[in-house]
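Some notes on the structure that comes next.
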Amino acid sequence: MKKFKVGIVGLGHRGRYMIMLVKQCFECAEVVAACDIDPKLWDETQWQQNTPMKEQLPGVKFYVDYNQMLEEADLDLVLVETGADVHAEFCIKALEHNINVFSDIPSVANLSEAKRLWEAEQRSTGKLMTGANPNEWGFINALVDLYQKGLLGEPYYMEAEYIHSVKTQGTNNPYLAHSPWRKTLPPIRYCTHSLGPLLRIMKEALRYVVCLGTGVHINPEALRDDMQAALFQTESGVTIRLLRNGACRAFIGLHSYRVFGTKGYFERIDSRGKTEPVVRFRSDELYAADTITELPHLMMANEYIDNPKAGGHGGADYALLDHMFKAMIEGKDMPISLRDGLLMTLPGIYAAESAVRKGEKLTIHYPWEEEFAADIEKYKI
Ligand SMILES: NC(=O)c1ccc[n+]([C@@H]2O[C@H](COP(=O)([O-])OP(=O)(O)OC[C@H]3O[C@@H](n4cnc5c(N)ncnc54)[C@H](O)[C@@H]3O)[C@@H](O)[C@H]2O)c1
């Protein structure tokens, strides 16, 4: 079988990890090109590495110029692993060359990009896969399974939090030192890890948002709120409370979710000190599940439990790539589409604007809706 020729743009710590996962685990793919504006990331050993990328990927051509890579490398797929606020331009250019794209999250940084990216994919023979790895976690599959079996009823209120505390700050922190967007991105815009899994059990898009931020208390170098809390709502009233942070001194597990359904309840509460992460559920619909019951906590999806290659965020990174390559081989749509990515990204952009407007309630639109163009003019976000 012909192998997919794969390139990558963005050789930060995430990009370096993802391209090695492709090289080491997927026989259907051949890594042929890599690009970053900083050649040191190719030539020199970096944080969490023993050898430089150029030695780990012999025979792969390195580019400083992304346009040149797209012109020359004859790619079937490009991994976009640039900073969280600069994905869309790279994705649009690849789609204009009819190249498939794996885009890390969030999908876009503003409404205008969302419109242009949406239109670029419509015109292209390439397709975009959204790199929303939490959608692939085992305990999220369990939530979807319980929901699809009718054991939770319909969700009417949900909560999610993503709390990312780091012990060191500023230039001592390898994340912050190399990734400027980690100091500037309003935390609520990094919302896809929280909203993506919940959207898997929802029948409607998020339509309304109010959001407030705390200002800066923890990291004086940060240029945005330390914490932001948003309330989202659908047209029928399904409500989600989301807490995101830029900096805090909590040092608790990162990702928690709670789902209140008409017939049951589900929660995944991440670790707290020595207390391991826990998944619990109850249901009106199942014998002996009327009291809250603990379920096994599995990061890894069932289909990969015996697969030694399945690594990265509890196997979710492998699962993303595996599902994407299988779809490409079978000529199917990407399993987490651009539309899915925009449904989980755009609510965060409107939420950040609501926080700027001191909690004003905003109506969320999407590029496939008529009202979206007017929002681009109105909000300029
Ligand atoms: N899904 C996850 O679990 C997860 C985890 C970590 C990071 N991420 C995402 O992965 C992405 C990368 O994260 P990171 O921490 O590695 O970021 P980073 O800022 O450390 O790295 C981004 C790289 O892109 C390069 N770049 C910027 N502009 C460029 C251009 N014009 N041409 C070529 N290269 C360019 C930068 O030089 C940098 O090396 C982000 O979008 C982030 O949101 C996702």
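The values are calculated or read from the model by the stated rules, or taken from the named source; none is laboratory data. These numbers come from a predicted model, not from an experiment. When we count neighbours, we look across all protein chains shown, and the Cβ atoms used for this are built from the backbone with ideal geometry, even at glycine.
Points to keep in mind about this one:
- Residues within the stretch 41-54 that are surrounded by 12 or more Cβ atoms within 10 Å (Cβ to Cβ) and farther than 13 Å from residue 15 by Cβ, tallied: 5
- Filtered by the rule that a residue be under 15 Å from residue 344 (Cβ atoms) and either over 19 Å from the mean Cα position of the chain (by Cα) or among the aliphatic types (A, V, I, L, M) (or both), the stretch 89-106 gives a lone residue, 105.
- Condition met for residue 323 (on the phi < 0 side of the Ramachandran plot and either part of a strand (DSSP E or B) or not assigned by TED's automatic domain parsing to the domain that holds residue 213 (or both)): yes
- Count - residues of the stretch 65-96 that are touching a helix residue (DSSP H, G or I) at 6+ places or on another chain (Cβ under 9 Å) and assigned to a helix (DSSP H, G or I): 12
- Residues of the stretch 98-133 satisfying the condition of being in contact with a helix residue (DSSP H, G or I) (Cβ under 8 Å, 6 or more places away or on another chain) and part of a helix (DSSP H, G or I): 111, 112, 113, 114, 115, 116, 117, 118, 120, 121, 123, 133
- One residue alone among 143, 111, 152, 128 is closer than 24 Å to residue 325 by Cα, at pLDDT 95 or above and surrounded by 20 or more Cβ atoms within 10 Å (Cβ to Cβ), and that residue is 128.
- Flag if residue 270 is farther than 18 Å from residue 258 by Cβ, crowded, with 16+ Cβ neighbours inside 10 Å and modelled with pLDDT of 95 or more: no
- Flag for residue 304 being closer than 24 Å to residue 145 by Cα and not basic (Lys, Arg): yes
So that you can scan it fast, the table gives a plain yes or no per residue for (1) free of Cβ contacts under 8 Å to residues at least 60 places away in the same chain; (2) away from the ligand (no atom under 14 Å from the Cβ); (3) more than 18 Å from the chain's Cα centre (by Cα):
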position: 3; (1), (2), (3): yes, yes, yes
position: 7; (1), (2), (3): no, no, yes
position: 30; (1), (2), (3): yes, yes, yes
position: 56; (1), (2), (3): yes, yes, yes
position: 60; (1), (2), (3): yes, yes, yes
position: 79; (1), (2), (3): no, no, no
position: 85; (1), (2), (3): no, no, no
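- Filtered residues of the stretch 4-27 (kept if surrounded by fewer than 18 Cβ atoms within 10 Å (Cβ to Cβ) and under 16 Å from residue 101 (Cα atoms)): 5
- Comparison of 232, 260, 281 shows that the only residue that is modelled with pLDDT of 95 or more, crowded, with 18+ Cβ neighbours inside 10 Å, of a type in the set (Phe, Trp, Tyr) and over 22 Å from the mean Cα position of the chain (by Cα) is 281.
- Taken together, the criteria place residue 104 among residues that are within 8 Å of the ligand (Cβ to nearest atom) and in contact with a Lys or Arg (Cβ under 7 Å, 6 or more places away or on another chain).
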